[in-house]
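K.L.:
Here's a structure for you.
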Amino acid sequence: MPDRPRYMISVAAELVGMHPQTLRMYESRGLVRPARTPGGTRLYCDNDLDRLRTIQKLTTELGLNLAGVEHVIRLEDEVQKLQARMDRLANELRDEIRSVHKTYRREVVVYRAPEQSAPRN
């Protein structure tokens, strides 16, 4: 379950190779949103770790600043939402097509032309 919160900030920071303060800063910028325990402890899930690795790649390998990272992350989130919506609509469309095809099968009647006999003289 990639969205199950399980890593405290120190563990998450170690897993992605960042300082815990960096994770706090990314959270304050809205780049990552860890879950919270009732006592307020941050808990990161595997999806959060993937996002942190993406941020790290964008900043170190591609040289983006945090404003650029925010823009890329926002666009990626929008693409994921649109993809989910498109998948949902495609499923609805497939269901509707199946429903229409079922009505065709009930309404189709095989037509056979009457046999024609040879003309009489």
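K.L.:
Using a probe radius of 1.4 Å on heavy atoms only, what accessible surface per residue do you get for the chain? Whole Å² is fine. Please report the intermediate quantities before stating the final value.
P.N.:
On the way: 9600 Å² over 121 residues.
With all protein chains present, the chain gives 79 Å² per residue.
K.L.:
Once you put a point 7 Å from the Cα of R6 and another 7 Å from the Cα of E27, both along the Cβ direction, what distance in nm separates them?
P.N.:
Result for the modelled spin labels: 1.9 nm.
K.L.:
In addition: Rounded to the nearest 0.05, what FRET efficiency is calculated for K102 and K81 with R0 set to 30 Å and r the Cβ-Cβ distance? Provide the component values of the computation, followed by the final result.
P.N.:
Values: r = 32 Å, r/R0 = 1.07.
Step by step, r from the Cβ atoms, then E = 0.40.
K.L.:
Something else now. To the nearest 20 Debye, how big is the dipole of the chain about its Cα centre, given +1 on the beta carbon of each Lys and Arg and -1 on that of each Asp and Glu?
P.N.:
Numbers: 21 positive and 17 negative charges, 96 e Å.
So the magnitude is around 460 debye.
K.L.:
Rounded, prolate or oblate: which fits region 1-96 when a ≥ b ≥ c are the square roots of the eigenvalues of the alpha-carbon gyration tensor, with rounded for a/c under 1.5 and prolate only if a/b beats b/c? Please report the intermediate quantities before stating the final value.
P.N.:
Values: a/c = 2.60, a/b = 1.50, b/c = 1.74.
Here region 1-96 falls in the oblate category.
K.L.:
Can I ask one more? Counting only C-alpha contacts under 8 Å and six or more residues apart, can you give the relative contact order of region 1-59 as a whole percent? Intermediate results must be reported in sequence, preceding the final value.
P.N.:
Working: 58 pairs, mean separation 26.2, N = 59.
Across region 1-59, relative contact order equals 44 percent.
K.L.:
Among I97, L75, M86, whose Cα projects farthest towards the positive end of the dipole of region 66-107, with charges put on the beta-carbon of Lys, Arg (+1) and Asp, Glu (-1)?
P.N.:
Ranked along the dipole, the leading option is I97.
K.L.:
If you don't mind, another one. May I ask for the net charge around R74, where only other residues with Cβ less than 15 Å from the Cβ of R74 are counted and Lys, Arg are +1 while Asp, Glu are -1? Intermediate values should be presented prior to the final figure.
P.N.:
Numbers: positive: R29, R33, R51, K81; negative: E70, E76, D77, E78.
Every neighbour counted, the sum reads 0.
K.L.:
Note down the net charge around V16, summing +1 for each Lys or Arg and -1 for each Asp or Glu among other residues with Cβ under 13 Å from its Cβ.
P.N.:
Values: positive: R51, R53, K57; negative: E14, D46, D48, D50.
Once all neighbours under 13 Å are counted, the net charge is -1.
The values are calculated or read from the model by the stated rules, or taken from the named source; none is laboratory data. Please read these numbers as outputs of a predicted model, since none were measured by experiment. Don't worry about glycine lacking a Cβ; one is built from the backbone with ideal geometry, like all the others, and counts go over all protein chains shown. When the accessible area is computed, the model is the full protein with side chains, heavy atoms only, and any ligands, DNA or RNA have been set aside. Shrake-Rupley method; radii C 1.70, N 1.55, O 1.52, S 1.80 Å.
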